[in-house]
2 protein chains.
Amino acid sequence: MAASAGPEIERLISLLSRLPGLGPRSARRAALTLLKRREQLMTPLAEALADAAAKVRACNTCGALDTRDPCTVCSDGSRDAGLICVVEEAGALWALERAGAFRGRYHVLGGLLSALDGVGPDDLRITGLLARVAAGGVREVILALPATVDGQTTAHYLAERLSGGGAEVTLLARGVPVGGELDWLDDGTLTQALRARRPA
Amino acid sequence: MAASAGPEIERLISLLSRLPGLGPRSARRAALTLLKRREQLMTPLAEALADAAAKVRACNTCGALDTRDPCTVCSDGSRDAGLICVVEEAGALWALERAGAFRGRYHVLGGLLSALDGVGPDDLRITGLLARVAAGGVREVILALPATVDGQTTAHYLAERLSGGGAEVTLLARGVPVGGELDWLDDGTLTQALRARRPA
């Protein structure tokens, strides 16, 4: 902490250090940058935080974070409502949107099933997903969940719950990432990439 | 950026990504964390930023950032006013205070002389330092500046300006850092550590 600099700075540093990616040291550096660039950065950031805190909410349909409800994706008529991509968090949705490879709708679970963390089906936005599929018109549900134990457990659970609901359930492909050097890949990825090999 | 999430989130991410230590990717992750922990983190951070922006200012005597002016250090009568430690930025002052090894006063330059960045003596808090020394009562000025080209140029310049002013001018020691493995140290540090060797 910044000894002898007043409680306001201490509090700012301690809050900044709770952001992912910022430890105590980088939080101090960030606080210093903010204090040096008060007009251009500190006050605008304070306002942006207050503004987003007040206006951003989870979409009632898909759970995405947006200032609109239904969110921008859900209210975009040009997007395919027959395709639902299920993601863990809004961060994954943002990543897929940046890639620009998906033109369907989303469903944000708000987490993953985890026995260890005590997260059960009722803690996630699963009922809403089942209701969307049951309402009809959904051809395919893509489970775009992380390739971790919790991600795969959740995908397995969702695939079971969704089976027989009329929509095809698919998973993301596994394999060598773009730019991936074979030397640096873990054994699991290599094994899966080999198993799922395809004609050249 | 977070496509289709509303301009408020975009703006928040873009401001967060201007903090040192946060790139575009970690700024998005930070924004997501903030939005998920609105009550506990986002609103308090907005308030802390606004609060610090309004209250924190540079001490008129030493340039330290504080809500008090004169700052906590300058107004602490138990600290030795005969010792002035000159630092580049408030961050260095905080680091020295954390170490708890210094019980004198400080002088924050607000930067370093840099021909490349066009920073001259008038851009730094140098007149104030000379005035403090000229006012008398200062036995020693410790130039605790970084061991970089700009840091050393500034130290050299200050040593010249301060010479004959009645105060001794000293520099931080150079050598092997605590925990420093010799294999990993750069040649410059090794050379200086060897040159400044002392009896065991």
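What follows draws every value from the coordinates through simple rules; no lab data is involved. On a predicted model such as this, the values are computed, not experimentally measured, just so you know. Glycine also receives a Cβ, built like all others from the backbone with ideal geometry; neighbour counts cover every protein chain displayed.
Listed values, structure above:
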{"quantity": "Reciprocal mean inverse distance between Cα atoms of the stretch B:7-55 - Kirkwood radius, Å", "calculated": "11.2"}
{"quantity": "Over the stretch B:65-111: Rg over Rh, Cα atoms, Kirkwood Rh", "calculated": "0.92"}
{"quantity": "Closest approach to the B/A rotation axis among chain B Cβ atoms, residue and whole-Å value", "calculated": "B:Ala46, 3"}
{"quantity": "Unit charges on C-beta of K, R, D, E only; dipole of chain B, Debye", "calculated": "460"}
{"quantity": "Over chain A, relative contact order from alpha-carbon pairs under 8 Å, at least 6 apart, %", "calculated": "13"}
{"quantity": "Average partner coverage of B:55-68, which counts Cβ from other chains inside 10 Å", "calculated": "3"}
{"quantity": "Principal axis dimensions, the protein assembly as shown - Cα atoms, whole angstrom, descending", "calculated": "89, 47, 40"}
{"quantity": "Trypsin sites (Lys or Arg not before Pro) lying in DSSP loop within the stretch B:98-128, provided at most 12 other Cβ fall within 10 Å", "calculated": "B:Arg103"}
{"quantity": "Cα convex hull of the stretch B:91-131 - mean projected area over all directions, nm²", "calculated": "3.5"}
{"quantity": "log10 of Debye I(q)/I(0), alpha-carbon scatterers only, for chain A at 0.07, 0.11, 0.12, 0.19 Å⁻¹", "calculated": "-0.31, -0.72, -0.82, -1.27"}
{"quantity": "Cα centre as origin, Lys/Arg/Asp/Glu Cβ charges: the protein assembly as shown dipole, Debye", "calculated": "200"}
{"quantity": "Total charge dipole magnitude, the stretch B:76-121, about the Cα centre, Cβ charges on Lys, Arg, Asp, Glu only, Debye to nearest 20", "calculated": "180"}
{"quantity": "The stretch B:82-171 - percent relative contact order, Cα under 8 Å, separation 6 or more", "calculated": "33"}
{"quantity": "For A:Ile142, residues with placed amide H under 5 Å, excluding near neighbours", "calculated": "A:Ile84, A:Cys85, A:Val86, A:Thr170"}
{"quantity": "Helix-derived mean residue ellipticity, 222 nm - over chain B, DSSP H n ≥ 4, -39500 (n - 2.57), to 500", "calculated": "-12000 deg cm²/dmol"}
{"quantity": "Under 14 Å, Cβ to Cβ, from A:Arg105 - net charge with Lys/Arg +1 and Asp/Glu -1", "calculated": "0"}
{"quantity": "Surface/4 estimate of mean projected area, convex hull on alpha-carbon atoms of the stretch A:80-171, nm²", "calculated": "5.5"}
{"quantity": "Share, in percent, of DSSP beta bridges within the protein assembly as shown that are antiparallel, nearest 5", "calculated": "20"}
{"quantity": "Karplus 3J(HN,Hα) series, Hz, for the stretch A:75-87 with 6.51 cos²θ - 1.76 cosθ + 1.60 (x for Gly, Pro)", "calculated": "9, 8, x, 7, 8, 5, 6, x, 10, 10, 9, 8, 10"}
{"quantity": "D (Stokes-Einstein, µm²/s), Kirkwood Cα radius, the stretch A:1-111, 1.306 mPa s at 10 °C", "calculated": "96"}
